[in-house]
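Before anything else, here's the structure in question.
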Amino acid sequence: MKRIVVVDYGSGNLRSVSKALEAVAGAGAEVIVSSDPAVVEAADRIVLPGQGAMGDCMRHLQASGLEEAVRHALAEKPVFAVCIGLQMLFEESEENGARGLGIFPGRVIRFPETAMRETSGRRLKVPEMGWNRVVQTCAHPLWNGIESGAWFYLVHSYFAAPADASMIAGITSYGLPYASAVSRENIFATQFHPEKSAAAGLKLYENFIKWNP
């Protein structure tokens, strides 16, 4: 049986992520929410969920002993990271100067005030909260069955600015274009929340469960 572990490092949204995965996992997979490093080590694939502050999540990872298990998974297992989970993969964040895992080169930055206007001049609110389009910038197995420009749900004030543009798998525009999906080898990560994104989000999780990078 395929064991999918949703890592509990103090982030919110664990239940909705696990329920979405269970909805598409099928009889051959088991979805577990855990903060136990041994359970994470034994997983076949892991999901790093996201909601909250990056610094708080990183401190919980370190204090709980989860960081080493997560790093091992990031090196060798299929990993799906969501929102804060995506941001933690990078080197650092403008949010209180938090340090990330440094798996991906680049920084996490706040939406710049100077860019927060529509073409009509209307002011855009931060955080971005609601549905927006994700334009796919590369072919990837996780995009199978999902059209480029599909709508996904986002709630965030910060976004990743990868140092390597070839990692960008999807772009969203909110005042300015930014990377809303990134990928490299065994890792796929989204700034948006698939578990809150109806059919397109469930399809993304289904593709992840079938994915063999």
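Values quoted throughout were computed directly from the atomic coordinates according to the rules given, and no laboratory measurement underlies them. Since the model is a prediction, treat every value here as computed from it, not as a measurement. Cβ atoms come from the backbone with ideal geometry, glycine included; neighbour counts cover every protein chain shown.
For the chain, what is the charge dipole size about the Cα centre, in debye to the nearest 20, if Lys and Arg each add +1 at the Cβ and Asp and Glu each add -1 at the Cβ?
560 debye
Okay, moving on. Using helices alone, what [θ] at 222 nm do you get for the chain, with -39,500 (n - 2.57) per DSSP H run of 4 or more residues, divided over all residues and rounded to the nearest 500?
-8000 deg cm²/dmol
Which residues make up the longest stretch of the chain clear of trypsin sites (Lys or Arg not before Pro) that lie in a DSSP loop with no more than 16 other Cβ atoms within 10 Å, not counting the sites?
1-121
Please check: in the Gaussian network model of the chain (C-alpha springs, under 10 Å), which one of Thr119, Thr172, Thr137 has the largest mean-square fluctuation.
Thr119
While we're on this one: Show me the three semi-axes of the equivalent ellipsoid for segment 67-187, from the C-alpha gyration tensor (sqrt of 5 times each eigenvalue), largest first, rounded to whole Å.
25, 19, 11
For Lys77, list the lysines whose Cα falls under 25 Å from its own Cα; do not include residues on the same chain fewer than 8 positions away.
Output for Lys77: Lys2, Lys19, Lys196, Lys203, Lys210.
Radius of gyration and Dmax for segment 1-144's Cα atoms, expressed in Å?
Cα only, segment 1-144: 16.8, 54 Å (Rg, Dmax).
Amide H neighbours of Ala29 under 5 Å, at least 5 residues apart or on other chains, H built in the peptide plane: list them.
So Ala29 has HN proximity to Lys2.
For segment 1-56, place one equal point scatterer on every Cα, skip the solvent, and apply the Debye formula. What is log10 of I(q)/I(0) at q = 0.12 Å⁻¹?
The Debye formula, applied to the Cα set alone, gives -0.26.
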